Amino acid sequence: METNSIQDIQQCIQHCQNTAQQLRNLANQEANQQIKKMLTEGAHHLDLCVVECDFSLKQLQDPVMA
């Protein structure tokens, strides 16, 4: 069960990283500054999610540290 959880979290991290990059790409192409700011903020929120998921992943991979 733990292996599936680790793989699920790894996939989630990858998906969030890809989506954050897509949002940044859209922001870089956007002329409207308000929309650009919102897209960049969305990417930042996903980056924060990745940090939290990475913390959980590390705890699953090394339960002694938890």
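Yes/no matrix, rows are residues, columns are (1) out of contact with any Pro (no Cβ under 6 Å at 6 or more places or on another chain); (2) free of Cβ contacts under 8 Å to residues at least 24 places away in the same chain; (3) not hydrophobic (A, V, I, L, M, F, W, C):
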residue	(1), (2), (3)
11	yes, yes, yes
19	yes, no, yes
27	yes, yes, no
32	yes, yes, yes
42	yes, yes, yes
54	yes, no, yes
57	yes, no, no
60	yes, no, no
63	yes, yes, yes
Subset of segment 1-11 (residues that are surrounded by fewer than 12 Cβ atoms within 10 Å (Cβ to Cβ) and either at pLDDT 90 or above or of a type in the set (Ser, Thr, Tyr) (or both)): 3, 7, 11
Residues located in segment 18-59, provided they are surrounded by 15 or more Cβ atoms within 10 Å (Cβ to Cβ) and either closer than 21 Å to residue 4 by Cβ or at pLDDT below 95 (or both): 49, 50, 53, 56, 57
Which numbered condition residue 14 fails, given (1) assigned to a helix (DSSP H, G or I); (2) exposed (fewer than 10 other Cβ atoms within 10 Å of the Cβ): (2)
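The values are calculated or read from the model by the stated rules, or taken from the named source; none is laboratory data. What you are looking at is a predicted structure, and each value in this text was computed from that prediction instead of being measured. Counting neighbours? That spans all protein chains shown, and the Cβs are built from the backbone with ideal geometry, glycine included.
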